[in-house]
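The values are calculated or read from the model by the stated rules, or taken from the named source; none is laboratory data. This structure is a prediction, so every number in the text was calculated from the model and none was measured. Positions of Cβ are backbone-derived with ideal geometry, glycine not excepted, and every protein chain shown enters the neighbour counts. Note: areas computed on protein heavy atoms with side chains; ligands, DNA, RNA excluded. Shrake-Rupley method; radii C 1.70, N 1.55, O 1.52, S 1.80 Å.
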Amino acid sequence: MAQMITDSSEAAAELKRRIAKARSVVFFGGAGVSTASGIPDFRSEDGLYHQHFKYPPEEMLGHRFFETHTEEFYDFYRTRMIALDAKPNRAHYKLAELERDGKLTAVVTQNIDGLHQMAGSKHVYELHGSVHRNICEDCGRTYSAEWVMGTEGVPHCPECGGRIKPDVVLYGESLDQNVLFGAAAAIGHADMLIVGGTSLVVYPAAGLVQYFQGDDLAIVNLQPTPQDRDADLVCACDIAKAFDF
């Protein structure tokens, strides 16, 4: 049975102890990692899925909507998906520190905000892509999130005129197989896996936990997840505070 902790300071102390014992740690995170940075998640009470828009967010973040309502997609993308003012929080910085110390081997993230890299993490598997890469569908040139925010309507490549598409995985699109396989391999070689800020209900990303063959599975999430019963440690607390050690 998993050890259950609800106090953030106790969770931080226990994570520190377990990480110190581990040889190879991988972190697998979701939207909850970035909420402390002011980026809304999807499924919580204040998340995007509980806000009211002309179309459901799930529809606006779909490949079909991008193709048929491209301008409206970009209205939503600019206002709700790009957060240039967001800064890494304690969890991001601690993970980068653990990587520099040789303890953490990889971050696997479902987030598209680039905050792990901003905090200093180098080995990051971005399962759902990044808003910081926006690619011309014709010539392949890449443009930054800042560049997209400086455009209006549907952005087009200033070099060839091609339509720009964000390098993010929309509903109805497949994950990058190289990223997926790399993440699975990293998790498979770890002896400790920390899952944080994710409900573990979005597949195929959530299925990556099955590749973990190590000794210590820790889950840090405010709400229960389907994997809690298989975990060694469950911390039902704020993830940024849980990494404050």
Give me the base-10 log of I(q)/I(0) for segment 99-139 at each q in 0.24, 0.28 Å⁻¹, Debye formula, one uniform scatterer per Cα, rounded to two decimals. -0.81, -0.97
Counting other Cβ atoms within 10 Å, which trypsin sites (Lys or Arg not before Pro) in segment 48-132 have at most 16 and lie in a DSSP loop? 54, 103, 122
Report the charge-dipole magnitude of the chain in Debye, nearest 20, computed about the Cα centre from +1 at each Lys and Arg Cβ and -1 at each Asp and Glu Cβ. 580 debye
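Please compute the Kirkwood hydrodynamic radius of the chain from all pairs of different C-alpha atoms, in Å with one decimal.
On the way: mean 1/r = 0.0536 Å⁻¹.
When all Cα pairs of the chain are included, the Kirkwood radius is 18.6 Å.
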If the elastic network links every pair of Cα atoms under 10 Å, which of 170, 127, 84 fluctuates the most in the Gaussian network model of the chain? 84
The equivalent-ellipsoid semi-axes of segment 117-210, taken as the square roots of five times the Cα gyration tensor eigenvalues and listed largest first in whole Å, are 31, 14, 12
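Using a probe of 1.4 angstrom, how much of the accessible area of segment 98-245 is carbon and sulfur, in percent?
Values: 3250 of 6690 Å².
The nonpolar share, carbon plus sulfur, comes to 49 percent.
State in Å² the accessible area per residue of the chain; use a 1.4 Å probe, count heavy atoms of protein chains only, and round to the nearest integer. Don't skip to the answer; put the middle values down first.
Working: 11850 Å² over 245 residues.
Using a 1.4 Å probe on heavy atoms only, each residue of the chain averages 48 Å².
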Return the equivalent ellipsoid semi-axes of segment 56-111 as a descending list in whole Å, where each equals the square root of 5 times an eigenvalue of the C-alpha gyration tensor. 34, 13, 7
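Express as a percent, rounded to the nearest 5, the fraction of DSSP beta bridges in the chain (both residues included) that run antiparallel.
Working: 8 of 33 bridges.
For the chain, the DSSP antiparallel bridge percentage is about 25.
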Which of the lysines could a cross-linker span from residue 122 if the Cα-Cα distance has to be under 30 Å and same-chain partners fewer than 8 positions apart are dropped? 16, 21, 87, 94, 103, 165, 241
